[in-house]
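Asks: Have a look at the structure that comes next, please.
Values in this text are rule-based calculations from the coordinates and carry no lab data. All values reported here derive from a predicted model rather than from experimental measurement. Cβ placement follows ideal geometry from the backbone for every residue including glycine, while neighbour counts extend to all protein chains displayed.
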Amino acid sequence: MFLGRVVGEVWATRKADDLAGKRLLVVQALDERREPGAPKVTPVVCADPLGAAYGQRVIVAFGKAARVACGGDGDYAFEAAIVAIVDDLDAPLAPPEWNEPSLNDGGADARRERG
Amino acid sequence: MFLGRVVGEVWATRKADDLAGKRLLVVQALDERREPGAPKVTPVVCADPLGAAYGQRVIVAFGKAARVACGGDGDYAFEAAIVAIVDDLDAPLAPPEWNEPSLNDGGADARRERG
Amino acid sequence: MFLGRVVGEVWATRKADDLAGKRLLVVQALDERREPGAPKVTPVVCADPLGAAYGQRVIVAFGKAARVACGGDGDYAFEAAIVAIVDDLDAPLAPPEWNEPSLNDGGADARRERG
Amino acid sequence: MFLGRVVGEVWATRKADDLAGKRLLVVQALDERREPGAPKVTPVVCADPLGAAYGQRVIVAFGKAARVACGGDGDYAFEAAIVAIVDDLDAPLAPPEWNEPSLNDGGADARRERG
Amino acid sequence: MFLGRVVGEVWATRKADDLAGKRLLVVQALDERREPGAPKVTPVVCADPLGAAYGQRVIVAFGKAARVACGGDGDYAFEAAIVAIVDDLDAPLAPPEWNEPSLNDGGADARRERG
């Protein structure tokens, strides 16, 4: 599993049948090697059974775990899903933006829901 | 799953039996760490059950999910497949080329089907 | 499996049912390519059936192995778990911080439980 | 699956029983991030059920797909195999060496079987 | 599978039951992107059913393949194992240290068992 942030959503008409009705989010991994201010979007696409909002921190799981989170290890045509929406994170050496509960895109419009 | 773009096709006569009749596409992951203008091709090869066109944005899944998208988790000798052709993407912090519905190779011949 | 260090913990209220009651730790891989002094946190999130402490070195396994370590290969919505807490490591060419049994964050407050 | 080139072969006497009689090749992924002229060998090792030659371009699959390509998803102690030998590749933006049907190691002895 | 070298061993008292009695080695992937002389240790940890020695070149497999190499695809809490000890390697473009049968740590104490 990895810790990431919801940075986008993607829509598709032509897709595998099992993806019908699934919300597909783009999640960016939190990663200390990124430069501050750099455009922070990576193309991990995952199913979202939990209703995560743009900018929220989430935990993403792969493979069987992702399918289980969406209702069982059936024949699903996806292998990544959000399995948790993060309430709190305690990682003392992490970069400051990891501790922002919602997306801080480098400036003025950063929301801070937590002191 | 990852978000990518179809950048090529590959043909093979000698191959595992299960690949017979399967269209094999080369898909490049969208990745913000690439330099603008750099040759943007990475060698992810995947089966294409959906008929994606050169330059289109697609979602690629791996493992069981890839086989399911091609008709069930049978004994297939591949583990990557296109599971969706992207209609629309909303990722505000992504690099501009992510929002091109078809391949923009840096200049004049870029098609823009969407304003 | 990889060798890492516990660098944080994460909490979530909204999550897949199978994660209820599971302790979720953030583990940083030991990696010789990091610069000394750099913030050393990467977002691998794993279940912890062994009770690892902050700063300890652990071995993390993925997939079926992770689920087995947590009680069997049932339908669990996670695919990473701590499978061992390291007592000792003999890797002569490894960077010095690998041999610290607990987290050395670059200075004064480093605990050294082992000579 | 990924697109690569056969750059070596490896032999082992002490090995898992299931590897007996299996030809083990070293395959280098085609990757546009490499510098021209750099030594281009990476240590992906895979079983070869198709008889690929040194320098040829191949498609490598992992996991169940690799085992299927070698005769079924039995209890095999390997998880990578060549599943296709490339005849032709159409990837307009790829670096030139991708289009060489056999290994071009930067100079005089490059064979060019295709115009 | 990947080609690597045994660079260490790790011991743990608190661990998943299935790891009891398993020798756990640290294996560094051979990788042409490393600088000569750099500390060459990466934290891949794997079970060793073959008795590999420090410095030897080995092939490491993941997942089901790793479990098969250790006696079957049972409920094992690991997913990486040494499946072969390399006798010989023919990779003409590989860096010289790949061809050392045992560890060459950059100088005087390098053992060379093979001319």
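Asks: Taking a label point 7 Å out from Cα toward Cβ, give me the nm distances from A:PRO92 to the same spot in the other copies, shortest first, one decimal.
Replies: Listed shortest first, these distances are 3.5, 3.5, 5.6, 5.6 nm.
Asks: Another question about this same structure. Over the whole of B:44-53, what's the average partner chain Cβ count within 10 Å per residue? Rounded to a whole number, please. Mind dumping the intermediate values first?
Replies: On the way: counts 4, 11, 2, 1, 0, 2, 4, 1, 1, 0.
Average neighbour count from other chains, rounded to a whole number: 3.
Asks: Okay, moving on. Sum up the charges of everything whose Cβ sits under 12 Å from the Cβ of A:VAL10, counting Lys and Arg as +1 and Asp and Glu as -1, but leave A:VAL10 out.
Replies: Details: positive: A:LYS15, A:LYS22, A:ARG23, B:ARG57; negative: A:GLU9, A:ASP48, B:ASP87, B:ASP88, B:ASP90.
Net local charge, A:VAL10 excluded: -1.
Asks: Turning to a different aspect of this structure: With the cut-off at 29 Å, tell me which of the pairs C:LYS64/D:LYS22; D:LYS22/E:LYS64; A:LYS22/C:LYS64; C:LYS15/E:LYS22; A:LYS64/B:LYS22 have Cα atoms farther apart than that.
Replies: Numbers: C:LYS64/D:LYS22 26 Å; D:LYS22/E:LYS64 18 Å; A:LYS22/C:LYS64 25 Å; C:LYS15/E:LYS22 34 Å; A:LYS64/B:LYS22 25 Å.
Checking Cα-Cα distances, C:LYS15/E:LYS22 exceed 29 Å.
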